[in-house]
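The values are calculated or read from the model by the stated rules, or taken from the named source; none is laboratory data. Source: prediction; values computed, not measured. Positions of Cβ are generated from backbone atoms using ideal geometry, with glycine treated the same way; all protein chains shown enter the neighbour counts. We work out accessible area using only protein heavy atoms, side chains counted, and drop any ligands, DNA or RNA first. Shrake-Rupley method; radii C 1.70, N 1.55, O 1.52, S 1.80 Å.
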Amino acid sequence: MKKNLDWANIGFGYRPTDYRYVSTFKDGAWDEGALTTDDTVTISESAGVFQYAQTCFEGMKAYTTEDGHTVIFRPDLNAERMMDSCERLRLPVVPKEKFLDAVVKTVRANIDWVPPYGSGATLYIRPFVMGTGPVLGVQPAKESQFRVFVSPVGPYFKGGVRPLKLKVSGYDRAAPVGTGHVKAGLNYAMSLYAIEEAHHQGYDENMYLDSRTRTYVEETGGANFLFVTRDGTVVTPKSSTILPSITRRSLMVVAKEYLGLKCEEREIPFAELGEMAECGLCGTAAVISPVGKVVDGDKEYTFDTSDGNMGPTVRKLYETLTGIQMGRIEAPKGWICTVD
Ligand SMILES: *Cc1c(COP(=O)(O)O)cnc(C)c1O
């Protein structure tokens, strides 16, 4: 039986559910892994995760489709991305099959927490790996844990979609040959100062530029950019220092294959911003959020948000991808993983 929650009003926050998955890496190997009801972790005060932020994570969602199945969207890509993150942080790599098995097991065990179709809510899935073994000198921990928990989350835009207002940040998100392309906890710890500053100044998010030249558009603290030019081409920044968003990669396929639009992944000079008609932020949380305004000092760039607070093309992209996820539109092969 589904949990009796007020799905439309649960908000976007952590809410512990019945089960989580834990697997331990010790003596050079992962153990079998198992579900547990214990939502706490007891590890050494000197664990790699505490001392040197040796941790990475993933974020994905389970949905109830129109015909009542529980599905996950492209979890194989999250598995691959976490393998890259682990590698870069010298954490033991979680094999793809183990990742997928853990995610499916955790969702199945918490099936009553998967919000019903049409509620606007979804089940957020958070896999993560951390160094749990003690370290003092800077080195990789010898023991690690891979965990997966889930939390029901409400509609990202409570009370409807609202165009976002961004500022061009004076801070950098990722060093030129750093860790911007992996989902490492450290990237988010150091972004907190900049995001709070932006919030205090009345902005929703930061637009980060490339830190080498500060002339190209990169991304925000947690979502990739997608632009639509005045002649209807969908453009997204190409950079080795942005996080390869699965939502953004999927939207580019939708734009090309479903909507027949011209698509480009290329470097986008900030100086081109004035030529863009529409702007959106792509990520698992909101799929695509419309950007209404980007402010750079005393300059302002505004974007079309005339179709229910979104640009018309961003609206089409949003409707098509959410339609695919919810089972209303046929998905490309391999995009939907059915859990029940
Ligand atoms: C997670 C994340 C995204 C979005 O990726 P999705 O796979 O679409 O959820 C984009 N940028 C950053 C910095 C992120 O951490």
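A 1.4 Å probe run over segment 1-48, with the rest of the protein chains in place, finds 66 Å² accessible per residue. The portion of the accessible surface of the chain made up by carbon and sulfur, rounded to a whole percent, is 51 (1.4 Å probe; DNA, RNA and ligands excluded).
Counting 0.36 nm for each residue step from Lys3 to Asp101 and taking away their Cα separation leaves a gain of 32.9 nm. Let me know the shape class of the chain, please: from the alpha-carbon gyration tensor, a ≥ b ≥ c as square roots of the eigenvalues, rounded when a/c is under 1.5, otherwise prolate if a/b is greater than b/c, or oblate. It comes out oblate by the Cα gyration axes. Pairwise alpha-carbon distances in segment 1-66 exceed 17 Å for 66% of all pairs.
Label-to-label distance for Glu330 and Asp31 is 4.7 nm, based on points extended 7 Å past Cα in the beta-carbon direction.
Applying a DSSP loop filter and a limit of 14 other Cβ atoms within 10 Å to the trypsin sites (Lys or Arg not before Pro) in segment 81-136 leaves Arg90. Spacing of the modelled spin labels on Glu265 and Asp39, each 7 Å from Cα toward Cβ, amounts to 3.7 nm. When a/c reaches 1.5 or more, the comparison of a/b and b/c decides; with that in mind, is segment 144-252 rounded, prolate or oblate per its Cα gyration tensor? The shape class here is rounded. Mean residue ellipticity, 222 nm, helices only, the chain: the sum of -39500 (n - 2.57) across DSSP H runs of n ≥ 4, divided by residue count and rounded to 500, is -6000 deg cm²/dmol.
Which FRET efficiency value, to the nearest 0.05, do you get for Asp84 and Glu300 by plugging their Cβ-Cβ distance into 1/(1 + (r/R0)^6) with R0 = 35 Å? According to the calculation, E is roughly 0.40.
So which trypsin sites (Lys or Arg not before Pro) in segment 243-340 pass both tests, a DSSP loop state and at most 15 other Cβ atoms within 10 Å of the Cβ?
Sites meeting the loop and neighbour criteria: Lys262, Arg328, Lys333.
With an 8 Å Cα cut-off and a minimum separation of 6 or more residues, compute the relative contact order for segment 247-304 in percent. For segment 247-304, the relative contact order is 27 percent. Obtain the nm distance between the two label points defined at Lys158 and Glu196 by a simple spin-label model: each point lies 7 Å from its Cα along the Cα-to-C-beta direction. Each label point is offset 7 Å from its Cα along the Cβ direction, giving 2.2 nm. If you take the square roots of the eigenvalues of the alpha-carbon gyration tensor of segment 220-325 and sort them as a ≥ b ≥ c, do you get rounded (a/c under 1.5), prolate (a/b over b/c) or oblate? It comes out rounded by the Cα gyration axes.
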